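The values are calculated or read from the model by the stated rules, or taken from the named source; none is laboratory data. This is a predicted model, so every value here is computed, not measured. Heads up, the Cβs are rebuilt from the backbone with ideal geometry, glycines too, and the neighbour counts pull from every protein chain shown. These area figures cover heavy atoms from the full protein model, side chains too; ligands, DNA and RNA do not enter into them. Shrake-Rupley method; radii C 1.70, N 1.55, O 1.52, S 1.80 Å.
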Amino acid sequence: MKKVLSIAAATMLVSGALMAKEVKIGVVLPLTGPIAAFGQTSKGGLDIAYAQNHKLKNGDTVKLIVLDDRGDKVEAATATKRLIDKNHVTAILGEVASSNSMAMAPVAEKAKTPMITHASTNPRVTKGKKFVTRACFIDPFQGAVAANYALSKGYKTAVVVTDMKQDYSVGLSKAFKKAYKKGGGKVLKTVFINSGDKDFNAQVSTIKALHPDIIDFTGYYPEGALLARQARAVGVKAPFIGGDGSGFPELIKIGGKAVEGFMYTDHFNEAAAKSPEAKAYVKAFHAKYHKAADSMGALAADAYGMILKAMNECIDAGKAPTDKMCVNKNLRGTKNYHGITGVINIDKEGNAVKSAVVNVVKNGKFAYLTTVNP
Ligand code: PHE
């Protein structure tokens, strides 16, 4: 009897190994187009995380299916649908721009497929959704961090620059203004731009006439860099402060001297990263890319790690890692996850509660200023 059993057990083991499956995770990123740097840096971090770990506890192999949406909302939604319907992915990672994640979220929600955005910070991305989670903080938090930092440095009057085309910018402007006013600051005016604009003559003339202590720029780096150049060209001396959408090497490449002193809130700065998780990632990043680790890649790696953890927890509970309900429940229930970008706790709404850093452009490089806890 004993022998029979062990043969049966051995057979089970063999067939178990043979049955090791592929578990698919879909990834939607802007790999080309105007915000390609967002997608490329996300992919850079994801590649490191994937190389380090792509096996689940039960021997299944994780496969990534990466689609480029060219930074377009309609394409982001289409890619999401395709990943779910044609590729049968268990979970989806993406997007970066809040507007694009907001186009994806209803698709994932309808198909009851867990989606995690690593970088979209607008509260509406997860609002009212059961299947959408994020690995980053939200804009009411980073807007308040920027406002309070500005006030703490004695900048009492501000002009806010809002990109009307980006939900991210609209929401972040609102958050900044609320906290800035609450802290005793005065918002002199909000001026509007649109992603893709190149000429900010009207806006910089308005700013110049108002003499603000500080300019709060809540858009993305392509416009931020040009606006800063044009502002300096007409003699505007006020410093800039922005959000996570500003902190890209392209800001400095395009902005040059005009962005010296440009401050912004961000998710991660390797200079301040002390945890073992962050140190290991930074080491691998340097070895592979020979440059400083950016926050976007670190966020993507964290979102990926959170999906793997959720899948492994399903296996522990005797469920399949492809059980979308189970994976979603574990993702939404993430507590005390020691990520690269910090310790991540997911709240009731699917948002990560975690710290932010403030950085500044100094001598043509991004320098760390401070860390702010929630
Ligand atoms: N937070 C931005 C958004 O929601 C995206 C972003 C994240 C950009 C991190 C740069 C760095 O649209």
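Distance between the pseudo-spin-label points of T371 and M325 (7 Å out from Cα toward the beta carbon): 4.0 nm. Among the cysteines of the chain, C136 have no other cysteine beta carbon within less than 4.7 Å of their own. GNM remark for the chain: springs join alpha carbons under 10 Å apart, and the peak mean-square fluctuation among S42, S275, S295 falls on S275. Anisotropy class assigned to region 140-266 is rounded, per the alpha carbon gyration tensor with a/c under the 1.5 cut-off. Going by accessible surface with a 1.4 Å probe and the largest first, K63, K21 read K21, K63. Between Rg and the Kirkwood Rh of region 61-199, both from Cα atoms, what is the Rg to Rh ratio? For region 61-199, the value is 1.07. How many percent of DSSP beta bridges within region 140-266 run antiparallel, rounded to 5? Close to 0 percent. Could you tell me which of the pairs K253/K288; K279/K348; K24/K309; K257/K283; K198/K237; K279/K309 are separated by over 24 angstrom between their Cα atoms in the structure shown? Those over the limit are K279/K348; K257/K283. Taking H211, H88, H286 as the candidate residues, the one with maximal mean-square fluctuation in a Gaussian network model of the chain, Cα springs under 10 Å, is H286.
Inter-part distance, region 171-227 to region 19-49, computed on C-alpha centroids, equals 32 Å.
Place a point 7 Å from Cα of H286 in the direction of its Cβ. Which residues in region 330-345 have their backbone N less than 18 Å from it? Hits in region 330-345 for H286 at 18 Å: 340-341.
Dipole check for the chain: with +1 at the C-beta of Lys and Arg, -1 at the C-beta of Asp and Glu, and the Cα centre as origin, the magnitude is about 620 Debye. Rounded to the nearest 20, the Cβ-based charge dipole of region 140-266 about its Cα centre (Lys and Arg +1, Asp and Glu -1) stands at 520 debye. Remark: the K55-H211 segment gains 50.5 nm on full extension, using 0.36 nm per residue and subtracting the alpha carbon distance. Built from the Cα atoms of the chain, the convex hull projects on average onto 19.3 nm², one quarter of its surface area. Protein heavy-atom accessible surface, 1.4 Å probe, per residue over the chain: 44 Å². The label-point distance for E22 and K237, in a model that sets each label 7 Å from Cα toward Cβ, rounds to 6.2 nm.
Over the chain, what is the percentage of antiparallel beta bridges among all DSSP beta bridges, to the nearest 5? Rounded to the nearest five, the antiparallel share is 35 percent. Our note on the geometry: Cα centres of region 336-351 and region 249-322, 14 Å apart.
Summarising the label geometry, the points placed 7 Å from Cα in the beta-carbon direction at K348 and D316 lie 2.5 nm from one another.
Partner aspartates and glutamates whose Cα lies under 20 Å from the Cα of K354, excluding those fewer than 8 positions away in the same chain, are identified as E95, D139, D244, D266, E270, E277, D294, D302. Evaluate the relative contact order of region 118-258 (contact order divided by residue number), counting alpha-carbon pairs under 8 angstrom at least 6 apart; express in whole percent. Worked out over region 118-258, it gives 23 percent.
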